[in-house]
Each structure stands twice: as C-alpha cells, then as structure tokens.
C-alpha cells in the first residue's frame, strides 16, 4: 500500500507513539511518504536514518516566515520545474476564491507543491485533526486523490473546537472516510461536533511493548521512601501542581515520599516556586526533559506512576497518555485522575486507583491506598501488562490500521 502520512512536525523524538505508526508501516513493507510542515532540530529517532525517512519526508519548499520576494521567486521556480500536468493544480492553489488568504501568502501553493512529482496514493493518514483539515484542502485542489483517515488525540478535539468554533472539522467530517479517536471518551465529542457515527472507529495510540521489560513490582521496604514518578510536559492539563500538593500532604502524615518528574514546559518556573515555597525540595525533583532511555530507567526504579491530569482552563484535555501504557508494561501500579480516556486503562482495584481532578487530598488518599495494598502490586502488574499487550501493542494496532486503511472508500 502506498500511503501519504500527514504530520505537523516530523520527526519529533518526543512523539514516538505517532512516529511508530510511520516506521511500523514501513517495516511491514508499505510505501510510506510523510508530508510535514517543518523538521524539528536534532536529536531524531535512530529509525530516521535506518529506514531512510529523510528521503521519504516532504516539506514546503520555503518557510512561512521567508520574505515575500524570496517566496515569489521560489514559487516561480517550482511552477517551472513541475510537470505540465500538475500546473492546473498549482494554479488552483493561487486562487483566493478557493483557498482564501493562504493564496496570497503562497502557503497553499507550497503545500500543494510537495505533490507535483508524487505517484498516486492508496490512502492518506493524518496524525491529528489539524492535519485532517490540511489533507482535505489538498485533495480538493487535486494534489492527491486517495481516501483520508484522520486521528484525534487530545488538544485537537478538546481545545481547538473551543477556540476555532464547533464547525472547525465540518469539511473533515464530510470528506474523510475514517475518523479515528484514540479513546472511547472522544467518540461522544466527535458526534457532538457533527461527525457521522458510521465513520468513527476507536483506534488507540500504541506502544512497542517489546521495548518495555516487565518486572515484578517491589514495594518499598521499611524506612524506604515511596518513589513516585510522572512523565509529562509541564503544562496545566498535566495537573502537576496537585501532585506536588499531594506529596506535601503525604509527608505531613508521616509517609516518606520521593517524587520525580521527567519533562519540561512552560510551567516549570511556577512549579519550582511551588516546591520551594512548600519546603519540598528534598522530596520533589523536576528533572527536565530526559532521553527515552533515561525515562525508562526512571520508571523502572519507581514504585508508582502518578498521572494527575485535569481539564485546563482553555479546555485542553488528555486522551489516554501513552506513559500509562508504558508504566503498566513495565509493571508499575498507576494513580491517576478520572479524566479523558484514562479510566479505560486505569481500572480501580485492578491496575491502579483513580481520584477526582484538582483534588490534592483525594490524590494523596489514593496514593496512600495503593501503598497500603502493596501485597496486591503483583496482581496489579500482571493485569496491567496483559491489558497493554492485548489492546495497546503497536504491532497489533498497526496491523489493524492497515486493514482499516485498505478498506477505505471515498464518502
């Protein structure tokens, strides 16, 4: 199958779950070509070189912030170098009646220009809702003619419609053949925005379970602190301020705790201030962004994963964080909030415990309950690993995705 894969930035080391879809399909013999808006700076995943992804990834010929004169010269050169049969498509990308202001900025022209020498595709896959809108626009211009599948993963289905309006995905819902929310919690959101139920198929984000060695959990012995870990971007929806407060509450009751957070982001300074103001510097460490191998090692030496997600003030929400799947794969119990798709994986009394959002006291209580149930950690771990292997293995999900894409037809 020849597949057009749409992404905003590619390759992004921090977005391994989405990257693994492209690499997994390549490894299974499919002809994947990636269409991205920008290439982030190194480091990149080693599979970029191993699979020759650079030669398979196409970016607009010039950046959006380039001077107008340079953009115009590059547009003329691209038009002259393109096959004559593609000139009509490129000229449509210059028509303001078709593409609005994106014609005057030449943005639509350079996006379409990536397809002038491409062979026909069997299917197009979009990693997020934003890319779905882009793919629909390009297909209407005649850049390609394949049926389109669009994944929805979090901010694109929670925050974006709130900011851009409920009609944001109207064209996507009309023209895409498949709508792929990454958790069951997002099905109702899609339907509320007008998505046709018959084209919605829940398709989770997977992990490579073979990269996560399972180990029987070892609860802390007498005198040893409970080692908590979070792996998250330091943003409001991650709820880390409540986790830090919960750690303070546990310490106040005599529970020894060591809490490490891997990740960076816009709230780092305020979280550091919170830790200092509460006198928690000996118990809480903000480690910053870490390479995947260090994150894995951090999780393996921890006792419990903490995922205190909340609905952010701008409406941004989680879907089902991949770090939960990774934690269960290595045998960690999870304490999380009832948020988004999290309850689909963190099942109280089976793989962890749940607390209400924005409730540090309830979060501390749930952590204490998991600690008190340390004799059940082995059963938690076994059930969690089995659930991840059964429902979130990237190999199984990529095989399922191939089947879905190969059966698509234009609506």
Review point. Looking at the range 325-337, is at least one residue at pLDDT 95 or above and within 26 Å of residue 162 (Cβ to Cβ)?
Key: yes
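Residues checked against (1) assigned by TED's automatic domain parsing to the domain that holds residue 253; (2) free of Cβ contacts under 8 Å to residues at least 40 places away in the same chain; (3) closer than 21 Å to residue 248 by Cβ:
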| site | (1), (2), (3) |
| --- | --- |
| 312 | yes, no, no |
| 315 | yes, no, no |
| 353 | yes, yes, yes |
| 356 | yes, yes, yes |
| 376 | yes, yes, no |
| 381 | yes, no, no |
| 397 | no, no, no |
| 401 | no, no, no |
Review point. Can you tell which of 81, 55, 50 is at pLDDT 90 or above, in the same structural domain as residue 144 (by TED's automatic domain parsing) and exposed (fewer than 13 other Cβ atoms within 10 Å of the Cβ)?
Key: 55
Practice item. Look at residue 27 and say whether it is more than 29 Å from residue 233 (Cα to Cα), surrounded by 13 or more Cβ atoms within 10 Å (Cβ to Cβ) and within 22 Å of the chain's Cα centre (by Cα). Key: yes
Review point. Mind checking which residues of the range 101-120 are farther than 18 Å from residue 37 by Cβ and either without any contact (Cβ under 8 Å) to a residue 24 or more places away in the chain or buried (at least 23 other Cβ atoms within 10 Å of the Cβ) (or both)?
Key: 104
Review point. Would you say residue 272 is surrounded by fewer than 17 Cβ atoms within 10 Å (Cβ to Cβ) and either assigned by TED's automatic domain parsing to the domain that holds residue 154 or at pLDDT below 95 (or both)?
Key: no
Review point. Which condition does residue 116 not pass, out of (1) assigned to a loop (DSSP other than H, G, I, E, B); (2) closer than 29 Å to residue 164 by Cβ; (3) touching a helix residue (DSSP H, G or I) at 6+ places or on another chain (Cβ under 9 Å), if it passes all the others?
Key: (2)
Study note, to complete from the structure: Subset of the range 362-411, residues within 20 Å of residue 213 (Cβ to Cβ) and not in a helix (DSSP H, G or I), comes to 392, 393
Check your understanding: Applying the selection to the range 17-29, what residues are at pLDDT below 80 and in contact with a helix residue (DSSP H, G or I) (Cβ under 7 Å, 6 or more places away or on another chain)?
Key -> 17
Check your understanding: Which residues, counting only those in the range 205-231, are buried (at least 22 other Cβ atoms within 10 Å of the Cβ) and at pLDDT 95 or above?
Key -> 228, 229, 230, 231
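The values are calculated or read from the model by the stated rules, or taken from the named source; none is laboratory data. All of these numbers come straight from a predicted model, not from anything done at the bench. In this analysis, Cβ positions are derived from the backbone assuming ideal geometry, glycine residues included, and neighbour counts consider all displayed protein chains.
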